[in-house]
Amino acid sequence: MNQFDPSHPIDEEFFEDVFLQEIDSWFSADIACCESCYKNFLATWPRAYYANSEEFQTSQIQLDLFYEGSRINSFFTWEQFSRLIQDLDCPRCGEKFCYTIFPYNLPFDIHETFEDDIVAINDIAQKTPFLLLKNEFALSVLTEVVPPGETVWRLG
Ligand SMILES: [Zn+2]
């Protein structure tokens, strides 16, 4: 066994699970985007660039550095890692990972379709604003904000 052999080999079918567990272990985050889509991510969430002491900027990592610095090298050889990483897709854009990934979680929870919902609301607001409250997401937001707003108005 040389220095590049894993000390605890694992079946390759578990690569994705181990990879994501190691990302979470190191960064306490999921993969937000990759080098193919980070500009789109930041266009959608511009405050993420500086939020939480620039956490987004400091959490980006190149795949080779991740391999060297994480425990994944205990389970897979560099050859396996390099080959198997090509089977994984970016959760944001669906492209294959190139060189850099961005582990990051927004500091609040959003539902899976939130960004699509905002795009749809913006589109409706631009084209047919009178139909905005026919949108399911807009109605759900209205339902959430009206009761607190009514309380504030009564106090004022
Ligand atoms: Zn991507």
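Values in this text are rule-based calculations from the coordinates and carry no lab data. These numbers were taken from a predicted model, which means no experiment stands behind them. Virtual Cβ from ideal backbone geometry, glycine too; neighbours counted across all protein chains shown.
Some points to look at:
- Nearest-ten-degree value, helix 136-155 long axis tilted from longest Cα axis of the chain: 60 degrees
- Percent of Cα-Cα distances greater than 23 Å, calculated over the chain: 53 percent
- Structure-based [θ]222 nm, the chain - -39500 (n - 2.57) summed over DSSP H runs of at least 4, per residue, nearest 500: -15000 deg cm²/dmol
- Counting beta carbons within 10 Å around each of 74, 25 and listing the fewest first gives the order 25, 74.
- Among 48, 138, 32: highest mean-square fluctuation, GNM of the chain, C-alpha pairs under 10 Å: 138
- GNM remark for the chain: springs join alpha carbons under 10 Å apart, and the peak mean-square fluctuation among 58, 113, 44 falls on 113.
- Multiplying the residue separation of residue 150 and residue 99 by 0.36 nm and subtracting their alpha-carbon distance yields 13.3 nm.
- Computed from Cα positions, the angle between helix 15-27 and the longest principal axis of the chain comes to roughly 70 degrees.
- Structure remark: mean-square fluctuation, Gaussian network model of the chain, C-alpha springs under 10 Å; the largest value among 81, 19, 114 belongs to 114.
- Computed over region 98-155, the ratio Rg/Rh where both radii use C-alpha atoms and Rh is Kirkwood: 1.15
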